[in-house]
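The values are calculated or read from the model by the stated rules, or taken from the named source; none is laboratory data. Bear in mind the structure is a predicted one, so any value in this text is a computation, not a measurement. Ideal geometry is used to build each Cβ from the backbone, glycine not excepted, and the neighbour counts take in all protein chains shown.
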Amino acid sequence: MKIGFTSPREGVSSVQIRTLIRLLGLFDLKEGDEVHHGCCIGGDEKIHELIREYYPDVSIIGHPPILTKFISQITDFDELRLPLDFLHRNKEIVNETDILIALPSGPEVIRSGTWATIRYALKGSKSVYIIREEN
């Protein structure tokens with residue numbers, strides 16, 4: 001199983017984290033499975049930390065942005081893709097995975113990387129799980 005994540009740089013709420021932990025428990029993640037995220041500060045860092053803690057045998061694939069202003073200091077990736085601009089990086093995360101888990105910071109808006117990624121995944125008929133702040 002290959003799971004992609006999209007989340008805001010501002011981080012994710014404790015409600016979203018609790019819901020994410022429960023959702024991941026349903027997937028029975030194991031060695032050979034992959035998690036892909038965008039290597040940014042905030043939500044990506046928290047997701048990375050949770051996967052390493054709860055699923056240490058799962059491979060984490062990083063998709064860094066070209067713009068290093070928001071890049072995380074995480075270094076323990078199993079694989080690291082070449083840097084891309086945000087739009088193309090987010091599309092690559094969707095293209096390389098079977099499922100997208102999104103943790104948006106609010107209602108859908110047009111100028112949001114998280115929501116643009118959700119819309120792209122839905123157009124591609126991917127399974128998308130949206131974990132809202134107020135779950």
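Checked against (1) closer than 17 Å to Gly4 by Cβ; (2) surrounded by fewer than 17 Cβ atoms within 10 Å (Cβ to Cβ); (3) of a type in the set (Asp, Glu), Glu34 passes all but a single condition, namely (2). State all residues of segment 89-114 that are farther than 15 Å from His37 by Cα and surrounded by 15 or more Cβ atoms within 10 Å (Cβ to Cβ); if no residue qualifies, say none. Of everything in segment 89-114, those that are farther than 15 Å from His37 by Cα and surrounded by 15 or more Cβ atoms within 10 Å (Cβ to Cβ) turn out to be Ser105, Ser112. Checking each residue in segment 52-90 for being closer than 23 Å to Leu29 by Cβ and polar (S, T, N, Q) picks out Ser59, Ser72, Thr75, Asn90.
If you check Arg89 against the conditions, is it at pLDDT 95 or above, closer than 24 Å to Ser125 by Cα and touching a Cys at 6+ places or on another chain (Cβ under 9 Å)?
When the stated conditions are applied, Arg89 passes them.
Taken together, the residues in segment 82-135 that are under 12 Å from the mean Cα position of the chain (by Cα) and aliphatic (A, V, I, L, M) amount to 11.
Among the conditions (1) more than 24 Å from Ile17 (Cβ to Cβ); (2) in contact (Cβ under 8 Å) with a residue 40 or more places away in the chain, the only one that Lys123 does not satisfy is (2).
Look at (1) in contact with a helix residue (DSSP H, G or I) (Cβ under 8 Å, 6 or more places away or on another chain); (2) outside any helix (DSSP H, G or I); (3) not β-branched (Val, Ile, Thr) and you find that Pro107 fails only one, number (1). Looking across Ile47, Ile61, one residue alone is surrounded by 13 or more Cβ atoms within 10 Å (Cβ to Cβ), over 18 Å from Thr19 (Cβ atoms) and in contact with a Leu (Cβ under 8 Å, 6 or more places away or on another chain). It is Ile61. Within the set Ile71, Ile3, Ile60, the sole residue that is closer than 19 Å to Arg132 by Cα and among the β-branched types (Val, Ile, Thr) turns out to be Ile3. Has segment 7-18 got any residue that is closer than 18 Å to Gly124 by Cβ, of a type outside the set (Val, Ile, Thr) and touching a residue at least 12 places away in the same chain (Cβ under 8 Å)? Within segment 7-18, not a single residue is closer than 18 Å to Gly124 by Cβ, of a type outside the set (Val, Ile, Thr) and touching a residue at least 12 places away in the same chain (Cβ under 8 Å).
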